Amino acid sequence: MTSQAPPALFDRALLRQRRARSAGSVSDYNFLAQRAFEDMGDRVVGITRDFDHGALLGGGPGLMATPAGALIREKVGWLCRADLAPSIAAQLTGPALALDEEALPFASESLDIVLAPWGLHWTNDLPGALVQINHALKPDGFFACALPGGSTLTELRQCLMAAESELTGGVAARVSPLAGTFDLAALLQRAGFAMPVADVDRVTVRYDHIFALMADLRGMGETSILADRPRTPASRTLFARAGQIYAERFADPDGRIRATFEIIHAAGWAPHPDQPKPKRPGSATHRLADALGVQEKSLGEKAGG
């Protein structure tokens, strides 16, 4: 029996359309990608060697004009930039491609560094995209990415669910599922990366009302593209009620509402024989208790005994 691929979670054709629609103003709204890219700049500058050939996937225009862009230009000799939407790729400085992150065009072991400051969260097969990136890297090549984490827009999610349940008696999927910190580190390891690490940056952005938040999401090209989304657009009544609930639950004393954005950073290396290896369990030569300056107790010994 031939196994069938699972149904696509995201409508990437719709994503391309929405990215294209936001092309004229995305640089005014991609503050999350810029923040993620700044963190990547710090990571790259901390690496003691330079990189000959690299690729920068997603993030939109304007990134290379930031301080992080200047740092990365000093570390990477040749850098190709890319975006899913051709109209955005046309705005990128330097060599640029319009490409699909689910079908990367790079030859095996052709790149020394790949950075993905934003966009991989919309791939239907994130593990597959990571495997492709790993294959494109030379041995000991570096990869870093940033994706929105599971707490992103938690307030909006809760308020839309409460409003829709109240108005219709049911709830439709309107906000995309997102990865957790440990999920991403595990995915990098599963994709074959060595020494994977992940950490979280949480950002709170304040808005006058829910419609200002939605305008930011549209400007970023980050509104929902769920394949099984409701085909009837959400009514203004739904968003108006959600806005009321938002103001009741998540407003500051000055009346402005809070929106949480969680940025998960992850990084890893293409395997190389000279990389450090984890020590064999039981090979330690010094006791942890001695290092901490405490008395060691057996598991069966009562506290204070």
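The values are calculated or read from the model by the stated rules, or taken from the named source; none is laboratory data. Given the structure is predicted, the values throughout are model-derived calculations rather than measurements. All Cβ positions, even for glycine, are placed from backbone atoms using ideal geometry, and neighbour counts span all protein chains on display. Just so you know, the surface numbers come from the protein's heavy atoms only, side chains and all, with ligands and any DNA or RNA stripped out. Shrake-Rupley method; radii C 1.70, N 1.55, O 1.52, S 1.80 Å.
Name the pairs whose Cβ atoms lie under 6 Å apart, with the first residue in the range 73-85 and over 20 Å from residue 20 (Cα atoms), the second in a helix (DSSP H, G or I), and 6 or more positions between them or separate chains?
From residues that are over 20 Å from residue 20 (Cα atoms), the pairs are 75/44.
Which condition number does residue 230 fail, the rest of (1) farther than 17 Å from residue 261 by Cα; (2) at pLDDT 85 or above; (3) not aromatic (Phe, Trp, Tyr) being met?
(2)
Please pick out the residue among 167, 160, 188, 156 that is touching a residue at least 60 places away in the same chain (Cβ under 8 Å), more than 16 Å from residue 29 (Cα to Cα) and within 17 Å of the chain's Cα centre (by Cα).
That would be 188, the only listed residue that is touching a residue at least 60 places away in the same chain (Cβ under 8 Å), more than 16 Å from residue 29 (Cα to Cα) and within 17 Å of the chain's Cα centre (by Cα).
For the range 32-57: of the residues being open to solvent by 30 Å² or more (accessible area, probe 1.4 Å) and assigned to a helix (DSSP H, G or I), which is farthest from residue 201 (Cα to Cα)?
Out of the qualifying residues, it is 45.
Go through 256, 190, 249 for me and flag whichever is open to solvent by 50 Å² or more (accessible area, probe 1.4 Å) and either among the hydroxyl-bearing types (Ser, Thr, Tyr) or out of contact with any helix residue (DSSP H, G or I) (no Cβ under 8 Å at 6 or more places or on another chain) (or both).
The match here is 256.
Which ones in the range 207-239 are closer than 18 Å to residue 22 by Cβ, open to solvent by 50 Å² or more (accessible area, probe 1.4 Å) and outside any loop (DSSP other than H, G, I, E, B)?
Hits for the range 207-239 are 211, 218.
Can you pull out every residue in the range 58-75 that is among the β-branched types (Val, Ile, Thr) and surrounded by 21 or more Cβ atoms within 10 Å (Cβ to Cβ)?
Once the filter is applied, which keeps residues that are among the β-branched types (Val, Ile, Thr) and surrounded by 21 or more Cβ atoms within 10 Å (Cβ to Cβ), the range 58-75 yields only 72.
Any residue in the range 101-120 that is within 20 Å of the chain's Cα centre (by Cα), farther than 22 Å from residue 32 by Cβ and either among the aliphatic types (A, V, I, L, M) or open to solvent by 20 Å² or more (accessible area, probe 1.4 Å) (or both)?
yes
If a residue counts only when it is polar (S, T, N, Q), which helices (runs of 4 or more DSSP H) contained entirely in the range 65-144 have at least 2 such residues?
Helices (runs of 4 or more DSSP H) meeting the threshold: 126-136.
Of all residues in the range 163-177, which are surrounded by fewer than 18 Cβ atoms within 10 Å (Cβ to Cβ) and either modelled with pLDDT of 75 or more or among the aliphatic types (A, V, I, L, M) (or both)?
165, 166, 167, 168, 169, 170, 171, 172, 173, 175
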